[in-house]
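The structure under discussion appears below in the form of structure tokens.
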Amino acid sequence: MFSPAAVNPPSRFPPAAIRQNPRQTKPIQPLQILSQSSSDSTSKRIQFHHEPCRLRNSSRLVQIHIPRVSSDDSQPIVSVSGDEGEASEPSFLEFITSERVKVVAMVALALALCNADRVVMSVAIVPLSQSRGWSQAFAGVVQSSFLWGYMVSPIAGGTLVDYYGGKIVMACGVALWSMATFLTPWAAENSLWALLGMRALLGIAEGVALPCMNNMIARWFPQTERSRAVALAMAGFQLGSAIGLTLSPILMSQGGVGGPFIIFGLSGFLWVLVWVSATSSTPERSPQITKYELEYIQSKRKKSQTKTVKIIPPFKRLLSKLPTWSLIVANSMHSWGFFVILSWMPIYFKTIYHVDLRQAAWFSAVPWSMMALVGYFAGVFSDKLIQNGVTVTLTRKIMQSIGFMGPGTALIGLIMAKSPVVASAWLTLAVGLKSFSHCGFLVNLQEIAPQYSGVLHGISNTAGTLAAILGTVGAGFFVELVGSFQGFLLLTSLLYFSAAMFWNIFSTGERVNFDEGN
């Protein structure tokens, strides 16, 4: 053991390397070690953090004090006291080429497959209804069968994600929903109950997708980058809608109604192979991550986020807090609007503007592409607000207000549109502004309770699924009873404004203590 006052450590340890951002090189003053009696707390000096550790390569285990090392590093690391010691923010090029962005890109691909698999039925329901004589109300029941399963799995799946991590749960989920998608054409040919059961199985498997996304982003990204990370992941989710709505009519014209189900199902199996072999559940377990990126992530991470999670979450305490209910209301409204637009817009354009199936799918696909693009810039804007000193709470309220009040206003414009081009423009605006919600409630899940983000997402997602079932089925019955799609869109607009008011009153961006009673 060497004295804290000594400058040179024993020769058997390599010299400590001062880790700096390669973009910012500064001349380093001669190394000084601070003793415990030093009172000059304002001087910019470098200090060793001494912690006990064990020599792995020694023939006998000897506990000594050496400079702190990371879990996978063999070299000591020197930290710098003061604010200048933290790793500086990476450049845009460093950000997009980092290992954490590769992980979120794989998550985005999974979400693209997730949404593509679910929207195929939005296109296939038109020829299926015509060939089988289904009414619009019954078509809504068929489309909502996905939500029956989707309502069951989020809470259980979110709990498993918090306990086992996002990697293994996501792999199992994608494999299961890809199998359900692949077998849907067979089910449709055999019986209605088999079709409904396969769509419900798809919903059960896809219920873990968004909790897995939240878990992986919370582990891989610091708070100042999470809005961008969620925006990137959700961009894949929205592009999945555009891909599914655009390619499904083409694949059906070439391979029949079952064509897109088979292609998307096989794509999911391929994704699982890449995901299992090329990604890690945490930065510390990744063999590809650089030392600088690992140190940057660890330096920004709050110590409280590493707390062990109970296998049975404190549901009563989770539901006793108003910020939880603000998440539930926000997710419910987001899901209501999302599934109403996703399920009914092809039929809306076909019924109101008399466009054929391929044009209806195209008009419905364009807004989702815009949502992916706007969502990323919304994430950058949200992160910049926080970096510039705006509180996290105010930032989330601003983003969620745009994400609800924007679509509420645009739907009123959609109701008044006289042509399919103008209607598509209003729909594009509504869906594009809706992406601001991803930087509101969807990121907020990780902030108020990072150790319970999966189960919180599951709770709010279950409420959102109930709202989505009500909206999807209710739209069909509403149209049959009232004879107007526009009236239902007006109701949706009013609900958007009400949800925005509830969010702004009760939400928070601060950590909420769910582990102790009131």
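The values are calculated or read from the model by the stated rules, or taken from the named source; none is laboratory data. Please read these numbers as outputs of a predicted model, since none were measured by experiment. Every residue, glycine among them, receives a Cβ derived from its backbone with ideal geometry; neighbour counts consider all protein chains shown. Surface areas here come from the heavy atoms of the whole protein model, side chains and all, with no ligands, DNA or RNA. Shrake-Rupley method; radii C 1.70, N 1.55, O 1.52, S 1.80 Å.
Of the residues making up region 495-515, those that are in contact with a Ser or Thr (Cβ under 6 Å, 6 or more places away or on another chain), crowded, with 20+ Cβ neighbours inside 10 Å and part of a helix (DSSP H, G or I) number 2. Of the set (1) at pLDDT 85 or above; (2) more than 25 Å from SER507 (Cβ to Cβ), all apply to ILE459 but (2). Taken over region 117-132, residues that are at pLDDT below 80 and among the basic types (Lys, Arg) amount to 1. ALA235 passes all but one of (1) within 30 Å of LEU195 (Cα to Cα); (2) touching a Lys or Arg at 6+ places or on another chain (Cβ under 6 Å); (3) not aromatic (Phe, Trp, Tyr); which number fails? For ALA235, the failing item is (2). Selection of region 455-474 for residues being open to solvent by 10 Å² or more (accessible area, probe 1.4 Å) and within 16 Å of TRP344 (Cα to Cα) yields ALA467, ILE469, LEU470, VAL473, GLY474. MET399 satisfies every condition listed in (1) open to solvent by less than 50 Å² (accessible area, probe 1.4 Å); (2) over 11 Å from SER227 (Cβ atoms) except (2).
Taking ALA112 as the residue in question, decide whether it is under 21 Å from ALA180 (Cβ atoms), of a type outside the set (Lys, Arg) and either open to solvent by 40 Å² or more (accessible area, probe 1.4 Å) or modelled with pLDDT of 80 or more (or both). Here the answer is yes, as ALA112 does meet what is asked. Just for region 143-186: of the residues that are surrounded by fewer than 20 Cβ atoms within 10 Å (Cβ to Cβ) and β-branched (Val, Ile, Thr), which one is nearest to TRP336 (Cα to Cα)? Checking each candidate, the answer is VAL152. Within region 321-358, being closer than 25 Å to CYS439 by Cβ and outside any helix (DSSP H, G or I) holds for one residue alone: LYS321.
One line per residue, one yes/no per condition, for (1) over 13 Å from ASN444 (Cα atoms); (2) open to solvent by 10 Å² or more (accessible area, probe 1.4 Å); (3) touching a residue at least 24 places away in the same chain (Cβ under 8 Å):
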residue: VAL208; (1), (2), (3): yes, yes, yes
residue: ILE217; (1), (2), (3): no, no, yes
residue: LEU232; (1), (2), (3): yes, yes, yes
residue: SER241; (1), (2), (3): yes, no, yes
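Given the structure, is GLN305 open to solvent by 60 Å² or more (accessible area, probe 1.4 Å) and either modelled with pLDDT under 90 or among the aliphatic types (A, V, I, L, M) (or both)?
On the way: open to solvent by 60 Å² or more (accessible area, probe 1.4 Å): no; either modelled with pLDDT under 90 or among the aliphatic types (A, V, I, L, M) (or both): yes.
Here the answer is no, as GLN305 does not meet what is asked.
Exactly one residue out of SER135, SER145, SER153 is among the small types (Gly, Ala, Ser) and modelled with pLDDT under 80, and it is SER135. The selection criterion, being assigned to a helix (DSSP H, G or I), without any contact (Cβ under 8 Å) to a residue 40 or more places away in the chain and either closer than 22 Å to LEU342 by Cα or open to solvent by less than 10 Å² (accessible area, probe 1.4 Å) (or both), holds for MET198.
If we scan region 121-129, do we find a residue that is open to solvent by 10 Å² or more (accessible area, probe 1.4 Å), farther than 16 Å from MET198 by Cα, in contact with an Asp or Glu (Cβ under 7 Å, 6 or more places away or on another chain) and assigned to a helix (DSSP H, G or I)?
no
Quick one: is GLY165 of a type in the set (Gly, Ala, Ser) and modelled with pLDDT of 80 or more? Yes.
For region 457-468, state whether one or more residues are closer than 24 Å to GLY440 by Cα and outside any helix (DSSP H, G or I).
Keep residues of region 457-468 that are closer than 24 Å to GLY440 by Cα, which gives 457-468.
Still in the list and also outside any helix (DSSP H, G or I): none.
Within region 457-468 (the criterion being closer than 24 Å to GLY440 by Cα and outside any helix (DSSP H, G or I)), the answer is no, since none of the residues qualifies.
Of all the residues in region 92-118, those that are among the basic types (Lys, Arg) and not in a helix (DSSP H, G or I) number 0.
Can you spot a residue in region 425-436 that is among the small types (Gly, Ala, Ser), farther than 28 Å from GLU225 by Cβ and open to solvent by 10 Å² or more (accessible area, probe 1.4 Å)? Yes - at least one qualifying residue is present in region 425-436. So, of the residues in region 364-406 that are among the polar types (S, T, N, Q) and in a helix (DSSP H, G or I), which turns out to be nearest to PHE506 (Cα to Cα)? Checking each candidate, the answer is THR393. Checking GLY509, GLY476, GLY464 one by one, the residue that is more than 28 Å from the chain's Cα centre (by Cα) and more than 17 Å from ALA410 (Cβ to Cβ) is GLY476 and no other. For the residues PHE182, PHE221, the requirement of being over 16 Å from the mean Cα position of the chain (by Cα), over 25 Å from ALA463 (Cα atoms) and in contact (Cβ under 8 Å) with a residue 24 or more places away in the chain singles out PHE182.
One residue stands out among those in region 257-271 that are open to solvent by 30 Å² or more (accessible area, probe 1.4 Å) and not polar (S, T, N, Q): the one that is modelled with the lowest pLDDT, which is VAL257. Take the conditions out of contact with any strand residue (DSSP E or B) (no Cβ under 8 Å at 6 or more places or on another chain) and either buried (at least 22 other Cβ atoms within 10 Å of the Cβ) or modelled with pLDDT under 85 (or both) and apply them to VAL274. Does it pass? Against the criterion (out of contact with any strand residue (DSSP E or B) (no Cβ under 8 Å at 6 or more places or on another chain) and either buried (at least 22 other Cβ atoms within 10 Å of the Cβ) or modelled with pLDDT under 85 (or both)), VAL274 does not qualify.
Being charged (D, E, K, R) and farther than 24 Å from ILE155 by Cα: is that true of ARG228 here?
Answer is yes for this residue.
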